[in-house]
Amino acid sequence: MAKIMISLPQEFLKKVDRAATAQGRSRSELIREALRTLLSESQEDRRSWKEALAPLKELEQQWVGQWNSTDIVRYYRETRYGREDRR
């Protein structure tokens, strides 16, 4: 297997390392798989980010204002620990 050298910004490399660790892969394996995926898909087959995120945007529009996350957290906290002051 050939070895190459590439330069990446430090913050981006940290993200790569976190993703590799989370997936139980080496940095090289993660980068190889990303490149394999990129090169195996033709430009026509690949959706744009805007197209890929469209269903999430629709859900966001449906859910905005429908519930309050603070109320949900408070409910579960109080049912688990009770309402007494925890300070």
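Each value in this text was obtained by applying a stated rule to the coordinates, not by laboratory testing. Just so it is clear, the structure is predicted and the values come from calculations on it, not from any experiment. Methodologically, a virtual Cβ is constructed for each residue, glycine included, from the backbone with ideal geometry; neighbour enumeration extends over all protein chains shown.
Return the lysines within reach of Lys14: Cα separation strictly under 27 angstrom, same-chain partners fewer than 8 residues apart disregarded; answer none if there are no such residues.
Result set, ordered by chain and number: Lys3, Lys50.
Angle between the Cα long axis of helix 69-81 and the longest principal axis of the chain, 0 to 90 degrees, nearest 10?
Roughly 60 degrees between the two axes.
Can you check how the C-alpha radius of gyration of the chain compares to 2.2 N^0.38 Å, as a plain ratio?
Working: Rg = 21.6 Å, N = 87, 2.2 N^0.38 = 12.0 Å.
With N residues counted in the chain, Rg over 2.2 N^0.38 Å equals 1.80.
I want to check the label-to-label distance for Asp71 and Glu29. Put each point 7 Å from Cα in the C-beta direction and report it in nm to one decimal.
4.6 nm
Could you give the angle, 0 to 90 degrees to the nearest 10, between helix 27-40's Cα long axis and the longest principal axis of the Cα atoms of the chain?
Around 80 degrees separate the two axes.
If you fit an axis through the alpha-carbon atoms of helix 10-23 and take the longest principal axis of the Cα set of the chain, what angle between them do you get, 0 to 90°, nearest 10?
On a 0 to 90 degree scale, this one is about 80.
Please give the calculated 222 nm ellipticity per residue for the chain, where each DSSP H segment of at least 4 residues contributes -39500 (n - 2.57) and the sum is spread over every residue; nearest 500 deg cm²/dmol? Working shown, then result.
Details: 4 runs with 56 residues, N = 87.
About -21000 deg cm²/dmol.
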